[in-house]
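The values are calculated or read from the model by the stated rules, or taken from the named source; none is laboratory data. As the structure is a computational prediction, the values presented were derived from the model and not from experiment. For neighbour counting, all protein chains shown are included, and Cβ atoms are generated from backbone atoms with ideal geometry for every residue, glycine included. These area figures cover heavy atoms from the full protein model, side chains too; ligands, DNA and RNA do not enter into them. Shrake-Rupley method; radii C 1.70, N 1.55, O 1.52, S 1.80 Å.
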Amino acid sequence: MGLASIIYEVGVASKYINHAMRTGDLGLAGTSNLYGEEQLALDVLADEIIKDRLDHTGRVRKIISEEQSEIIIFERSGRLRQYSVCYDPLDGSSLVDVNLAVGTIVSIYAGDDPLQPGRNQVGAMYVVYGPRTTLVYSVGKGVFEFTLNSLGEFTLSREGIILKEKGNLYSPGGLRQEYLPQHEKFIATLEEKGYKLRYSGGFVPDINQILLKGQGIFTYPATTGNLHGKLRLLFELNPMAYLIEQAGGAASTGLMPILDVVPEHLDHRCPIYIGCREEVALAEKFLAIPV
Ligand code: P6P
């Protein structure tokens, strides 16, 4: 019941965020997040809405938000507060003012330690704010999509979502001139095979495309500019890796499964190769080649 109430309340939060995005202030909030990135008013608002709804469940003890600089413990105690949640309230928010899709990403753990390997998640979900507002979740029994209807209800639109063994789409994040040699060879191989490039700059819609089309690979690699990659383990990589593995795909740092990485701090970042098993395995083969 606890997991259901968390997923339900994130769905409620997403309706407020969806409305604010389409009608509200797209300007700067005048504050910065943990990483020194300027926060949009929408970032701060989305974070507040989700925090309040998670507290309202009465089932969450601790939260870590990408927009907060430390772990938040809900003071109102209670033996039912048996979950910890890591979330990115509005990933890709800078895309809103050019009217591109963005998303909310949520990772759920049992107990009061949110700094666990992703393999320990008991659930994960995301919401895509695009032409339609859709909610995708798994609690370990397959992947389901719900779509927000005109009455403000989320109705089941897909169930048992499964990825093919291989596909023909690739989402190549990072700057090409900063690619390391092994990654460059991997990307060149996909292009020689005729893979089609699909990249919006929004992690959530880019992953959602691969999941719902059932094929392809998203990568944001280690680069000469950042050997750890750009995307964050707690808020972005672990929940998406959980969902993609639940759909029969794979998610790797290029050297090991994302879900087996032990988080070292809130800002832990990793390179990522996520999508169909065959492409992820191919990437790992290239990354294993000594430079
Ligand atoms: P780049 C958005 O800022 C984000 O965190 C992810 O949503 C997205 O996948 C990535 O960064 C895009 O990064 O370097 O291509 O702009």
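Descriptive notes on the structure:
- For the chain, the carbon plus sulfur part of the accessible surface works out to 53%, probe radius 1.4 Å.
- Residue 32 long-range amide H proximity, modeled H, under 5 Å: 39
- When 62, 185 are compared by accessible surface with a 1.4 Å probe, the order from highest to lowest is 185, 62.
- Seen against the Cα atoms of the chain and their longest principal axis, helix 203-213 is set at about 70 degrees.
- 13 Å beta-carbon shell around residue 54, net charge (K/R +1, D/E -1): +2
- Maximal additional length on extending the residue 110-residue 188 stretch stands at 23.9 nm, based on 0.36 nm per residue less the C-alpha distance.
- Inter-site label distance for residue 79 and residue 147 at 7 Å from Cα along Cβ, in nm: 4.4 nm
- Taking the chain as a Gaussian network of alpha-carbon nodes connected by springs under 10 Å, the highest mean-square fluctuation of the residues 75, 178, 67 belongs to 75.
- Percentage relative contact order, segment 12-144, counting C-alpha pairs under 8 Å, at least six apart: 17 percent
- Considering helices alone, the calculated mean residue ellipticity of the chain at 222 nm is -9000 deg cm²/dmol, with DSSP H runs of length four and up weighted by -39500 (n - 2.57) and normalised per residue.
- Solvent-accessible area of residue 176 with every protein chain in place, 1.4 Å probe, in Å² to the nearest 10: 100 Å²
- Å² of accessible area per residue within segment 220-291, as computed with a 1.4 Å probe and no ligands counted: 38 Å²
- Only protein heavy atoms count here; under a 1.4 Å probe, residue 134 has an accessible surface of about 10 Å².
- From the alpha carbon centroid of segment 204-261 to that of segment 156-192 is 10 Å.
- Along the axis of the charge dipole computed for segment 169-287 (Cβ charges of +1 for Lys and Arg, -1 for Asp and Glu, origin at the Cα centre), the listed residues 235, 188, 273 are led at the positive end by 188.
- Signed unit charges on C-beta, dipole axis of segment 97-205, positive-most listed residue 100, 137, 161: 161
- Shown here are the Rg and Dmax of the Cα trace of segment 1-155, at 15.0, 45 Å.
- Calculated on alpha-carbon atoms, Rg and Dmax of the chain in Å: 18.1, 57
- Our summary gives segment 169-287 a relative contact order of 30 percent, counting only alpha carbon pairs under 8 angstrom and 6 or more residues apart.
- With 32 Å as the limit, the listed pairs 15/193; 141/285; 62/213; 196/230; 62/230; 62/166 have 15/193; 62/213; 62/166 beyond it between alpha carbons.
- Protection-proxy order for peptides 37-44, 9-16, each taking the mean of Cβ atoms within 10 Å per residue, highest first: 9-16, 37-44
- Take every Cα pair under 8 Å whose residues are at least 6 apart in sequence, average their separation, divide by the length of the chain, and the relative contact order is 16 percent.
- With protein chains left intact and a 1.4 Å probe, residues in segment 2-158 average 44 Å² of accessible area per residue.
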